[in-house]
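In what follows, a single structure is set out as structure tokens and then discussed.
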Amino acid sequence: MKVIDHKQPVSQVDNSLFSTDSIKKDFPILERKINGHKLVYLDNAATTQKPQSVIDAISSYYTGFNANVHRGLHTLAEEATSAMERTREKTAAFIGGVKMEEIIFTRNATESINMVATSWGKKNIKQGDRIVITQMEHHANLVPWIMLAKETGAELGYIPIDKNGYLDLSDINKIINPQTKVVALTHMSNVLGTINPVEEIIELAHKNNAYVLVDGAQSAPHLPINVKALDADFYVFSAHKMLGPTGVGVLYAKEEILNDMEPVIFGGEMISHVTFENADWAELPMKHEAGTPNIADIVAFAPALDYLTNIGMDKIRQHEIEITSYGMEELKKLDYIRIFGPDNPLDRGGVISFVDNKIHPHDLAQFLDSKGVAIRAGHHCAQPLVKLLGVPSTARASFYIYNTKDEVDKLVEALKEARRYFVNG
Ligand code: C6P
């Protein structure tokens, strides 16, 4: 078993070459056979597979330095704390070199957004204010704002989408107006793949003194991210969609905002001083991290970040453009397939949602599984968007660093077979 060096400085991360063949070898699950076929894993927007270094890191923690963090004075506690804080440092570096204090560990992107809507939202939004989101939001960036609007009496406005799956910005100056207090939008749609012009929207929102939350659940794994250059007030993402373990989310927010936000969970770790009558909060980031955190998985997120950094996010993006372009070209050859979202692969991430005009997406997904090809079918936790597309659900193939053109061919071949089985059989 490889022992992780969680003390490796970020600056010493090697920037080696991108090779799908050698990448695949680092992911033991990709050797699996499913229904007699080698697994073709195309459900990466839901969660990615984990490299051996991440799997080993979980085991190293439990076998080598399992202890609670931030409170013990013994060696194991110090090692566990330093490993966890090392991940915080790498996370801060990964999204553009923000301060470690600006990184709050949560359970997932969903929890991060809920924290913002509950804490920042209840303090700053009142009746008559405007909350702006888009029509392509995942429920995680939709339901918390619906609830906040209901509770406060604020108005909820939507940036619409056009027929090509882009945000329609023609009325944006009316939608984001001086009443707007917050704009919350996805950086990359998990259904359409659309990469949104968040810089432009952040600039306009700031001109109106509104804050901006960027849902980076689909962008942090696939694009180079610099939240400082974007000037995002909040940026959230989940470790499990970027090679890391489940149960680890990130809330980035500017230091002054986090300082101003009240905690939403109270208890141990997040206080500085407690009496029988009162309590004061700890400094950032602890103030927003009550209770024992998910130490093992946070520690194991560090090798995931190293893995991505070693390849280079620019190269990852290039690889995904190549695979997605190829996937779209090949799917377009099947005249019974309708693809959703932008036609230009440069405007989308590695997600292709589609429908067959005769086969229900669930039947398609099950048939593909019988051929070892894993895709997702459903509303992808974006029911209003899928309804807007005029379909009950879609099939969705989503790519990552280990996927190849050969696997796209297997997807297309399985789709043709499904057609023979269900329609022409
Ligand atoms: N989308 C998908 O298959 P969590 O579950 O908290 O890690 O991520 C929520 C989330 C938020 N925003 C976007 C844009 C997302 O895509 C997701 C997760 C998965 O599309 C699971 S539904």
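The values are calculated or read from the model by the stated rules, or taken from the named source; none is laboratory data. Worth saying up front: this structure is predicted, and the values here are computed from it rather than measured. Cβ sites come from the backbone with ideal geometry, for glycine too, and all protein chains shown count toward neighbours. Protein only, heavy atoms only, side chains kept; ligands, DNA and RNA dropped before computing areas. Shrake-Rupley method; radii C 1.70, N 1.55, O 1.52, S 1.80 Å.
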Only one of (1) of a type in the set (S, T, N, Q); (2) outside the structural domain of A365 (by TED's automatic domain parsing); (3) surrounded by 22 or more Cβ atoms within 10 Å (Cβ to Cβ) does not apply to N44, and that is (2)
Residue hits (segment 381-402; within 21 Å of I321 (Cα to Cα) and more than 16 Å from the ligand (Cβ to nearest atom)) are I401, Y402
Restricting segment 31-44 to residues that are within 16 Å of the ligand (Cβ to nearest atom) and out of contact with any Lys or Arg (no Cβ under 7 Å at 6 or more places or on another chain), the one farthest from R396 (Cα to Cα) turns out to be Y41
In segment 205-229, residues that are in contact with a Leu (Cβ under 9 Å, 6 or more places away or on another chain) and over 19 Å from K315 (Cα atoms) total 5
Picking from V98, V69, V116, the residue that is aliphatic (A, V, I, L, M) and over 27 Å from L223 (Cα atoms) would be V69
Polar (S, T, N, Q), farther than 13 Å from A397 by Cβ and in contact with an Asp or Glu (Cβ under 8 Å, 6 or more places away or on another chain): is that true of N344 in this structure? no
ask   = Does T180 count as more than 22 Å from T309 (Cβ to Cβ), within 15 Å of the ligand (Cβ to nearest atom) and touching a residue at least 12 places away in the same chain (Cβ under 8 Å)?
value = no
- Message: I'd like to check something: does segment 190-202 contain any residue that is under 16 Å from A253 (Cβ atoms) and of a type outside the set (A, V, I, L, M, F, W, C)?
- Response: no
*Do the conditions hold for V214, that is, is it more than 24 Å from G157 (Cα to Cα), open to solvent by less than 10 Å² (accessible area, probe 1.4 Å), within 11 Å of the ligand (Cβ to nearest atom) and not small (G, A, S)?*
no
For segment 111-123, pairs from a residue that is under 16 Å from A154 (Cβ atoms) to a residue that is among the acidic types (D, E) and open to solvent by 50 Å² or more (accessible area, probe 1.4 Å), with Cβ under 8 Å and 6 or more apart or across chains, are S119/E262; W120/D260; K122/E151; K123/D260; K123/E262
The residue that is nearest to V212 (Cα to Cα), considering only those in segment 96-122 that are away from the ligand (no atom under 16 Å from the Cβ) and either under 17 Å from the mean Cα position of the chain (by Cα) or of a type in the set (G, A, S) (or both), is G121
task: Evaluate the following for K207: is it of a type in the set (K, R), surrounded by fewer than 24 Cβ atoms within 10 Å (Cβ to Cβ) and within 22 Å of the chain's Cα centre (by Cα)?
output: no
Within segment 130-144, of all residues that are more than 13 Å from the ligand (Cβ to nearest atom) and open to solvent by less than 10 Å² (accessible area, probe 1.4 Å), the one nearest to I172 (Cα to Cα) is V132
Screening E79, E85, E89, E101 for residues that are in contact with a Phe, Trp or Tyr (Cβ under 7 Å, 6 or more places away or on another chain) and surrounded by fewer than 23 Cβ atoms within 10 Å (Cβ to Cβ) leaves only E79
The condition from (1) within 11 Å of the ligand (Cβ to nearest atom); (2) in contact with an Asp or Glu (Cβ under 9 Å, 6 or more places away or on another chain); (3) open to solvent by 10 Å² or more (accessible area, probe 1.4 Å) that A239 misses is numbered (3)
Flagged pairs (Cβ under 9 angstrom, 6 or more apart or on separate chains; first in segment 385-405, in contact (Cβ under 8 Å) with a residue 12 or more places away in the chain; second assigned to a helix (DSSP H, G or I) and hydroxyl-bearing (S, T, Y)) are F399/T324; I401/T20; I401/Y307; Y402/T20; N403/T20; T404/T20; K405/Y326
Inside segment 60-76, the number of residues satisfying the requirement of being aromatic (F, W, Y), under 27 Å from the mean Cα position of the chain (by Cα) and either surrounded by 18 or more Cβ atoms within 10 Å (Cβ to Cβ) or not assigned by TED's automatic domain parsing to the domain that holds G249 (or both) is 1
Notebook entry, point to check: Is at least one residue of segment 251-264 within 16 Å of the ligand (Cβ to nearest atom), in a strand (DSSP E or B) and within 30 Å of L346 (Cβ to Cβ)?
Noted result: yes
